[in-house]
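Input: a single structure, listed below in structure tokens.
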Amino acid sequence: MKHFFLFLLLAAQTNILVARQNADKVPFLTKSLSSGTFNSVEVQTSGGSISVAGVSSDFKVEVYVTGNNNKTNLTKEEIQTRINEKYDFNVAVSNNKLTASAKPKERMKDWKEGLSFSFKLFVPVDVAAELTTSGGSINLNNLSGKLDFTTSGGSLHLDKITGKTNGRTSGGSIHVANSKNDIDLSTSGGSIDAENCEGTLKLTTSGGSLNLMDLKGNITAHTSGGSINGSKIEGELLTHTSGGSIHLADLSCSLETSTSGGNIHIAILNPGKYIKISNSAGNVDLQLPKNKGVDLNLNANKIKTDNLESFNGKMTDEQVVGKLNGGGIPVSVNAGSGKINLMFK
């Protein structure tokens, strides 16, 4: 008998899992769209995720609806009844704009009666989009129009984005890849990963790390509470942290970087117009290419260098100021009470 009840329990759990999986896979509503009828998109939802993908045909909107607290065993009729009673729900095209929205008609007295609406849009590549969700992630793929989007509680995922982009999240991570032009992304509580991007990039986090890989252009990346890691960066890089270490390698760029609470490790392949490094209390390891003309200005509690041939200037254990290999690119490093280790390769 015990085995029988155990079998029933496992079967019930399996059915719940299948229901949840099906709720994620089977849309509550699918609306097909005609090409040429809209050039902008506006999406608003209070509890779910938003996904927008640029495609060449088969334009459509898919709407996925579940109950709050992941309650997925609602029937389609029950969902429709709740929508009619409690929500302003709209998926329509008007005046060249596609609108997809789900907003409570009034403040929900019992959150268990609420619904979570997620939208998946398949639209022309060049549409402009304005997206807002208070509780889910935002995923964007293969888009070239102007993009403005915000979420209060989810992550941002961008791939193959080439338009002017402005995105914000208050509580999630950010991942952007294979994108270019003008990108401005920020989070108040997560890490940022950027790879294979080009153009003007502004990346800001108040509480996470920065991971920068294969970037070209004018890059500004700041964190208030995490580490910075990067490699293969060209152009200009301005990156700062208030409380973490910095590891940057294979750089071919102008560089300005600083931290107040960790060590700094920098390897330069081909310096740009300048190098400026600051550390309040930690050590700085800096590797420069051999035989490159630079103007050195190093200050620290202790400085260690490789043999400086062709150097003309002042050199002590705490300061090195002068021209190396005839001078050229300004290299300024201030390690405060820490140490500097200067190497050449």
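The values are calculated or read from the model by the stated rules, or taken from the named source; none is laboratory data. Here the structure is a predicted model, which is why all the values come from computation and not from measurement. Here Cβ is always computed from backbone atoms with ideal geometry, including for glycine, and neighbour counts include all displayed protein chains. Heads up: the accessible areas ignore ligands, DNA and RNA and are worked out on the full protein's heavy atoms, side chains in. Shrake-Rupley method; radii C 1.70, N 1.55, O 1.52, S 1.80 Å.
Label point of ASN178 set 7 angstrom out along Cα-Cβ; within the stretch 100-130, amide nitrogens under 16 Å from it belong to 125. Available extension along the chain between ASP159 and LYS25 is 46.1 nm, counting 0.36 nm per residue and deducting the alpha carbon span. Surface composition of the chain: carbon plus sulfur atoms contribute 46% of the solvent-accessible area (1.4 Å probe, protein chains only, all chains present). For the listed peptides 222-233, 54-65, 73-84, a ranking on the average number of other beta carbons within 10 Å per residue, highest first, reads 222-233, 54-65, 73-84.
In this simple spin-label approximation, LYS232 and ASN39 carry label points 7 Å from Cα along the Cα→Cβ vector, and these lie 3.7 nm apart.
First check a/c for the chain, with a ≥ b ≥ c the square roots of the eigenvalues of its C-alpha gyration tensor; if it is under 1.5, answer rounded, and if not, answer prolate when a/b is larger than b/c or oblate otherwise.
Details: a/c = 3.34, a/b = 2.20, b/c = 1.52.
Taking the square roots of the gyration eigenvalues as a ≥ b ≥ c, the chain is prolate.
Distance from the C-alpha centroid of the stretch 312-345 to that of the stretch 155-179: 39 Å, rounded to the whole angstrom. FRET efficiency for the pair ASN307 and SER260, taken as 1/(1 + (r/R0)^6) with r the Cβ-Cβ distance and R0 = 35 Å, rounds to 0.65. Under the combined filter of DSSP loop state and at most 13 neighbouring Cβ atoms within 10 Å, the stretch 236-297 retains these trypsin sites (Lys or Arg not before Pro): LYS273, LYS290.
For ASN95 and LYS60, compute 0.36 nm times the residue count separating them, minus their Cα-Cα distance, and round to one decimal in nm. Could you put the intermediate results ahead of the total?
Details: separation 35, 0.36 × 35 = 12.60 nm, distance 1.73 nm.
Result: 10.9 nm gained on full extension.
Where only DSSP H runs of four or more residues are counted, the chain gives -3500 deg cm²/dmol as its mean residue ellipticity at 222 nm, each run worth -39500 (n - 2.57). Extension gain, SER337 to LEU269, is 21.7 nm, computed as 0.36 nm per intervening residue step minus the present C-alpha separation.
Report Rg(Cα)/(2.2 N^0.38 Å) for the stretch 227-345, keeping two decimals.
Cα Rg divided by the expected 2.2 N^0.38 Å: 0.96.
The residues of the stretch 92-171 expose on average 47 square angstrom of accessible surface per residue, using a 1.4 Å probe on protein heavy atoms. Hydrodynamic estimate: the Kirkwood radius of the stretch 99-163 over Cα pairs, inserted into Stokes-Einstein at 4 °C and 1.567 mPa s, corresponds to D of 97 µm²/s. A cut-off under 12 angstrom between Cβ atoms defines the neighbours of LYS290, and their net charge, with Lys, Arg +1 and Asp, Glu -1, is 0.
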